[in-house]
Amino acid sequence: MVVLENCTKGWWKLAEKPSYAEEDVDIPLQPSATGYWIHYSMVGFGTRNYGGQTLHLRKSPDDKAPITYSFSKELTLHPIGVQGDWVKVKTSDGKHSGWIEMDWICANPLTNCC
């Protein structure tokens, strides 16, 4: 598993250089003296509202914060920030952004997180 450490101007620092089972996997990493970096638009995860639950993106990382967007279908989201148990995300179409609790995201590309 690749761990994203922090985000600077849309770039996430990887905790370590990822290794892949398949050699033909080409992930656009930006190496630097401080490690490996990947742009947020290349990182994504699905939501865990498999039962059609309505999820909300919020203006700030607080369950009482105003809602910026609501949806009932599973979506692909891109992380742009982290604070505690919340992730700031942008929808894959780029139209909506806000904070969502980590409990509602699935970061495992090999399962459906059920």
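Brief remarks on what is shown
- Under the simplified labelling scheme, the GLU74-ASP103 pair shows an inter-label distance of 2.0 nm, with each label point 7 Å from Cα along Cα→Cβ.
- Taking label points 7 Å from Cα along the Cα-to-Cβ direction, TRP11 and TYR50 give a separation of 3.7 nm.
- By the rule of a C-alpha distance below 22 Å, with chain neighbours fewer than 8 residues away ignored, the lysines paired with LYS90 are LYS9, LYS13, LYS59, LYS64, LYS73.
- Heavy-atom accessible area for ASP63, with the other protein chains in place and a 1.4 Å probe, reaches approximately 90 Å².
- Local electrostatic count, ASN49, Cβ distance below 9 Å [Lys/Arg +1, Asp/Glu -1]: +1
- For THR76, net neighbour charge (Lys/Arg +1, Asp/Glu -1) across residues whose Cβ lies under 11 Å away: 0
- Surrounding net charge for TRP86, when Lys and Arg each add one and Asp and Glu each subtract one, Cβ distance under 13 Å: -1
- The accessible area of SER72, taken with all protein chains in place and a 1.4 Å probe, comes to roughly 60 Å².
The values are calculated or read from the model by the stated rules, or taken from the named source; none is laboratory data. No experiment lies behind these values; they were computed from the predicted model shown. Using ideal geometry, Cβ is built from the backbone for each residue, glycine included, and neighbour counts are taken over all protein chains shown. The area values use the complete protein model at the heavy-atom level, side chains included, leaving out ligands, DNA and RNA. Shrake-Rupley method; radii C 1.70, N 1.55, O 1.52, S 1.80 Å.
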